[in-house]
Amino acid sequence: MSNARKIAQINIIINKSLYNELQDFLFSLGIKYFYSTVSRSLMLEENEGLSRVFSGDNTTVDEQSVTISLLVDKKYEEQIIAAIIEKMKFDIAGRGTIFSKEVSLLNSNESIIENQNLSVKAETKKLPVELAGIIAILMRGEGDQVARVSLDTGSSVPNITYGKGAGLRDKIGLWRITIPAEKDVVTALTAAHDVDAVMNLMIDKGQLDQPGKGFIYTYPINKGILNTKIHIGMPKHAASIEQIINVIDEIKNSSSWRKREGYADENKSKRKYLTNLIEMALICVEGFGPDLTKIAMNVGAPGATISKLKLVTNNETLSKQPPARELCSLIIGEALVKPILEALEKNNAFDNEKIGQVLINPVVKAFTYFGKKK
Amino acid sequence: MANASRQKIKITVNEKINLLIPYVKKRIIEQIKSVAVIIIYLILFQTLVLGIPIAEASLIACGLAVVIVGLAFFMEGLFLGLMPLGETIGLKLLQKSKLPVILGFSFIFGVGVTLAEPAIGVLKVAGSTVKAWEAPLLYLILNKYSNWLVNSVGLGVGAAVLFGMLRFIYNWSLKPFIYILVGFLSIVTVLISFNPNFIHLVGLAWDCGAVTTGPVTVPLVLALGIGICRILGGGSSDSAGFGVVTLASLFPIIAVILLGFALIGKVPQPMKEKDFFNKEQISKALNLFNNQEELEGYLLQNASYESQISYFGSEENLKNYIEKLKADKSLQIKIFGGAENALEKWAINSPILAHKQVVFGDDDKIQEALAKFGTKSDMLDYADLFKRNGIASVQAIVPLTIFLLLVLFLILRERLNNADEVMLGILFGVIGMFLFNIGIELGLSKLGGQVGSKLPSSFKKIELTEEQKKISNFDKSILQKSVTLSGAQEIFFIIKEKDEYKTIPFDEKFYNQNTNQYIYTPTKGPLFGAEDGLLGKLVVILFAFIMGYGATLAEPALNALGVTVEEITVGAFKKSLLMQSVALGVGAGIAIGVMKIIWNIPLFWMLVPPYILLLFVSKISTEEYVNIGWDSAGVTTGPITVPLVLAMGLGISGQVGGVEGFGILSMASVCPILSVLLTGLYVSYKRKKQFEQLEQKN
């Protein structure tokens, strides 16, 4: 099948202890399959006593979470989001995050096209905040400090997953083992008007303007709700600042009143961003990712981040497939989309063994070290 | 996909060096960090607190450096080679094979892992020190039936891996296994009070459980489980994959005890040495040996003169027997084995003068023979050291790897991703293990042994036998008399050593009239407080704690477990949290174990209450923490902890007069489980409170 079409990718980040409830609910809506991966959310905890002296006002606390990615026909998008928010009480800060983005399904093994024929009836309402997404790919161990920017700016609870980098490393034979491939992938959501400021702060914090530090990009989000439960512990006031902000957002039906002024540092606003890029997600059975990535790289892709996914399904045919999958995430120029797709098709990436699937969506802005300025 | 990997970039030598330096540096520093606590502590304690200069310091320092390089190689080998291989097999096994194949593989894998484990051989060596009359059952199992022992431990581990996989496939909880197995072990503990033969066997059984979970087994078993759990379970169950290690340390205990039950009918009760070799019951004693000659050899080499006479009937008969032995070469071989001059060496080392006289003749001949056969070689045989460890490390890794590769290629018909990397990893693993074992032998065990034997000097006076000095031309006229407050007289003399004058108490038995030599042994201690004082004992206990803590942080298997846990929880369960809680647990366990030796607390009280507490804590803990907690207990008793702990345990019990060093190791297994589970309970309590707040607020 090769007729590319727009579908909705709904991502849910949820506390691990709530996962089973969500899984059952998704199946009850008629969802045939989704992808899941174990992740980690960060929150702030106020320090007390002596630890305040040594580690500042707050320390970050980890929370095990599960990240779910769900492909559905666009017509169900709003209803599913509404149903999940209602069922899982995502309108309460701290229960989880849900957001959707519009992606193009370029090609897919027939068995795992987007979920259709769902039985979902929910009252949709306009969600107050317009959102944008940020993804930062950093060396393993450096994700936390970048993720903390999202907490310190009060944006949302960030989420970290693990990945492995592929690129130059794979072209130098066994010497590759000397270059660490392990990556932290930080996912954060912000209000749309805030995204540039937060991204800039993340670039500062992660020193992404230095060579070899990592890559950061932003992408549009269609609909969603943030997890603003940034602080752990009992609030000291009748309502927490997050609650107050939520209420004002709701009253104003927008979050633009929160736009931060005065951040724009002369120097930093001169940063040159990459635009007109595409995020390409290639999902396949675990074990084929590195080879398929190499095929894409031979056509011109600069590299990829490979992370592990699990196919969760209650469908009889799908459960006969190997559930261990790989997500190869590539950031490429528009011109490369076609040749990569053709190369993948030529190498049977979508057959019943590799069970490939290729999705693309636009990247708004991207940044990394470009080499010395001339 | 043939063209996929053909694009290669050539890199220059300079670039290679630039790549290699940070890579090597990072790994070496990592290992220095993990070994640092234990090394700094041992050295500081030796030089500052105990004040005994480290003999052979340079050799030990070399050994420690080799340990660090070895660990760096070995860990890299695990992460590059062995663990990816195990994970791939776990992943593919479930996709491609039916249940019987999976179970068959698991079982064979478990048995193979055990046979490859070098520490199993150590148990056999330990058998030579067991006295047949004190622990007949243990003696029988460690000597005549030592192959049965290894096989039953292998069966135990095989069954453990098999049940471990069944657990994953059918999503069984680990808790019932723990209840049943630990329950069974408790019953056995009760049985001990009825049958003294079992007392010694249970100690061995626990040690078997501990040695099976070595630095090769644990990472492989973990990786296998994680591979399998990538296939199974819901979307959030990726943090499964643990628990096999726990079963692999519990099942062998049961297997060894069952072996004990099977053989108990063949052995006599423990008894006094003299009764053991008595004519009336010798037929029962004969059961412990392959034949009469072996028994006689054992008698001559290990038993007292009295027992030997009792066995042969009279002194005359014994003498005749030795005469016969001297004449009959083939009998010699039957009795002492095929070693060269075995009879002469035996006679020299035998404390019984009569035997020497029979074998060599008069006093002069004996002196002559003493010079010829009596020199013990203290020289380290490097060729032997390298050969032995080389073989051991190849044996531990290569056959197992070949088996896994065969399964992968022939049964699963799968290819191996990054095969070159895996092969390099396996090579690193072998090199690492080789260096690591050599380093341990040269460095850590020596250092541990020295500290261990001198540690008791903190609370009592000990003799430093290796610093023994000979005074020639000793003139008794220099002896002086002193008097105590109560009026008792003591004889002493003054010695000048390195411009220092010291008074030494005189003891007639160290004076040799014929040679005019006086042998004097320097003493040390008590360093803290009075003889047998509480302060000194507390210092020892504190030392034991920190030693256990430091050694645990350096354990390779625990490091691998920590990395794995952190990896599959995406960092939510930090390696450092796990390592710290396990290390604190081991430290506490070893401290308690030392208390057992110092104050001679019965083993029952050391094991039963903690295990009851443990069962209770396991019951209320989450499945995740129960798996990780119990697994980490299995990996704590590894190649670094065991020699250090044993050396210390033996050192202290040797000075205090106890015999069992066993209690320490078992405490070192119980306490870390408790500490990990308690940490888990604390974390989940905090989390629950957060959630409750959340619900309340809205």
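Data for the structure
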read-out	value
Extreme residue, nearest to the other protein chains (Cβ to nearest Cβ), among residues of the stretch A:186-195 that are within 21 Å of A:L330 (Cα to Cα) and crowded, with 24+ Cβ neighbours inside 10 Å	A:V186
Residue that is nearest to A:T228 (Cα to Cα) [pool: residues in the stretch A:159-171 that are of a type outside the set (S, T, N, Q), within 9 Å of chain B (Cβ to nearest Cβ) and in a strand (DSSP E or B)]	A:I160
The stretch B:581-620, residues that are surrounded by fewer than 18 Cβ atoms within 10 Å (Cβ to Cβ) and part of a helix (DSSP H, G or I)	B:W599, B:F604, B:W605, B:V608, B:P609, B:I612, B:L613, B:L615, B:F616, B:K619, B:I620
Qualifying residues in the stretch B:422-449 (those that are within 14 Å of another protein chain (Cβ to nearest Cβ) and crowded, with 18+ Cβ neighbours inside 10 Å) - the one farthest from B:G70 (Cα to Cα)	B:V422
Wholly within the stretch A:1-118, helices (runs of 4 or more DSSP H) carrying at least 3 residues that are within 14 Å of chain B (Cβ to nearest Cβ), over 16 Å from the mean Cα position of the chain (by Cα) and surrounded by fewer than 21 Cβ atoms within 10 Å (Cβ to Cβ)	A:19-28
Test: A:L174 is away from every other protein chain (no Cβ under 14 Å), touching a Leu at 6+ places or on another chain (Cβ under 7 Å) and of a type in the set (A, V, I, L, M, F, W, C)	no
From B:L553, B:L578, residue being modelled with pLDDT of 90 or more, over 17 Å from the mean Cα position of the chain (by Cα) and either β-branched (V, I, T) or in a helix (DSSP H, G or I) (or both)	B:L578
Qualifying helices (runs of 4 or more DSSP H) (wholly inside the stretch B:145-225; at least 1 residues being under 19 Å from the mean Cα position of the chain (by Cα) and touching a residue at least 60 places away in the same chain (Cβ under 8 Å))	B:146-170, B:196-212
Within the stretch A:269-320, tally of residues that are of a type in the set (V, I, T) and closer than 20 Å to A:V186 by Cβ	2
Meets criteria (free of Cβ contacts under 8 Å to residues at least 60 places away in the same chain, more than 23 Å from A:I306 (Cβ to Cβ) and away from chain B (no Cβ under 14 Å)) for A:A132	no
Qualifying residue in the stretch B:274-282 (condition: surrounded by 17 or more Cβ atoms within 10 Å (Cβ to Cβ), modelled with pLDDT of 80 or more and more than 33 Å from the chain's Cα centre (by Cα))	no
Residue in the stretch B:20-33 that is within 14 Å of chain A (Cβ to nearest Cβ), modelled with pLDDT of 75 or more and touching an Asp or Glu at 6+ places or on another chain (Cβ under 8 Å) present	yes
Failed criterion for A:P211 (all others in (1) surrounded by fewer than 21 Cβ atoms within 10 Å (Cβ to Cβ); (2) in contact with an Asp or Glu (Cβ under 7 Å, 6 or more places away or on another chain) hold)	(2)
Filter result for B:V563 (within 14 Å of chain A (Cβ to nearest Cβ), assigned to a helix (DSSP H, G or I), at pLDDT 90 or above and over 22 Å from the mean Cα position of the chain (by Cα))	yes
Evaluation of A:Q145 against (1) part of a loop (DSSP other than H, G, I, E, B); (2) surrounded by fewer than 20 Cβ atoms within 10 Å (Cβ to Cβ) (one fails), failing number	(1)
Top-ranked residue in the stretch A:119-131 [being surrounded by fewer than 24 Cβ atoms within 10 Å (Cβ to Cβ) and among the hydrophobic types (A, V, I, L, M, F, W, C); ranked as nearest to A:I216 (Cα to Cα)]	A:L127
Qualifying residue in the stretch B:379-396 (condition: charged (D, E, K, R), loosely packed, with under 15 Cβ neighbours inside 10 Å and either closer than 27 Å to B:L99 by Cα or in contact (Cβ under 8 Å) with a residue 40 or more places away in the chain (or both))	no
Test: residue in the stretch B:489-500 that is loosely packed, with under 10 Cβ neighbours inside 10 Å, in a helix (DSSP H, G or I) and out of contact with any helix residue (DSSP H, G or I) (no Cβ under 9 Å at 6 or more places or on another chain)	no
Helices (runs of 4 or more DSSP H) (entirely within the stretch B:292-334) containing at least 3 residues that are surrounded by fewer than 18 Cβ atoms within 10 Å (Cβ to Cβ) and either assigned by TED's automatic domain parsing to the domain that holds B:H355 or among the aromatic types (F, W, Y) (or both)	B:292-302, B:315-327
Residues satisfying the stated conditions in the stretch A:135-147, i.e. closer than 15 Å to A:K205 by Cβ and within 14 Å of chain B (Cβ to nearest Cβ)	A:L138, A:M139, A:G141, A:E142, A:G143, A:D144, A:Q145, A:V146, A:A147
Odd one out for A:S156, checked against (1) away from chain B (no Cβ under 12 Å); (2) in a strand (DSSP E or B); (3) surrounded by 24 or more Cβ atoms within 10 Å (Cβ to Cβ)	(2)
Checklist (1) at pLDDT 85 or above; (2) touching a helix residue (DSSP H, G or I) at 6+ places or on another chain (Cβ under 9 Å); (3) under 27 Å from A:S69 (Cα atoms) applied to A:A281, failing item	(2)
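Per-residue answers, yes or no, for (1) more than 17 Å from the chain's Cα centre (by Cα); (2) away from chain B (no Cβ under 13 Å); (3) at pLDDT 75 or above:
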{"site": "A:M202", "(1), (2), (3)": "no, yes, yes"}
{"site": "A:K205", "(1), (2), (3)": "yes, yes, yes"}
{"site": "A:F215", "(1), (2), (3)": "no, yes, yes"}
{"site": "A:Y219", "(1), (2), (3)": "no, yes, yes"}
{"site": "A:I225", "(1), (2), (3)": "no, yes, yes"}
{"site": "A:K236", "(1), (2), (3)": "yes, no, no"}
{"site": "A:E242", "(1), (2), (3)": "yes, no, no"}
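The values are calculated or read from the model by the stated rules, or taken from the named source; none is laboratory data. These figures come from a predicted structure and were not determined experimentally. Note: ideal-geometry Cβ built from the backbone for every residue, glycine included; neighbour counts use all protein chains shown.
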